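The values are calculated or read from the model by the stated rules, or taken from the named source; none is laboratory data. Bear in mind the structure is a predicted one, so any value in this text is a computation, not a measurement. Here Cβ is always computed from backbone atoms with ideal geometry, including for glycine, and neighbour counts include all displayed protein chains.
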Amino acid sequence: MSAFIVQRKISEAVCSRARVDQAAHASTAALACAVVLGAWMLGSPGALQAQATNAADDLMLQAQSALSAGRPDDAISLLRKAIEKEPERAELYMLRSRARDSSGKFEAALQDAGKYIELEPEDAYGYLNRARVYLSLEKSTEALQDANKAISLAPDDPDGYYRRADVYSAMNRSAEAKADEAKADELDKKAAAH
């Protein structure tokens, strides 16, 4: 899976969390009402969750920047904090898996990839990510299983075929690798035409 695709996927998840701005020109009475309501809401569980979400979003964006700047250990630290705030947010595990893989912490990356799949079992990208980690660990058989699962979940997505081609190359199965590369290229062209 390319870094661009993971970046796009994570960005889509972050952007899907809309933020509501208060009106800039409220009357004094409405403003007083809003202050009282805001004070009440700060103590509510929903408000606490919103604060955690905003904090996790901020930490995730900082982690993305750190990873893009070649600082995977900084990204890992930031993502640990974000996961403490929102342990059920799948994309945090996906990003931390990438960061751990980049820093050579393959077993930890594998754990995060597995947690992402546990939270999002029908997402092909989770399996593509874990396949990449398995390749880093030189576990081609497991990587092939995950690439095949990703293709079964998203048969029209070229990324699954590209990942499986990588796996076949690692297994010295060049004919199958070339066939998957050709299939991925065909799907890319088809998508570009639409």
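The figures follow:
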read-out: All helices (runs of 4 or more DSSP H) inside the stretch 49-127 with 2 or more residues being without any contact (Cβ under 8 Å) to a residue 60 or more places away in the chain and closer than 25 Å to Thr141 by Cβ; value: 90-102, 106-119
read-out: Any hit, the stretch 164-187, residues being modelled with pLDDT of 95 or more, assigned to a helix (DSSP H, G or I), under 18 Å from the mean Cα position of the chain (by Cα) and small (Gly, Ala, Ser); value: no
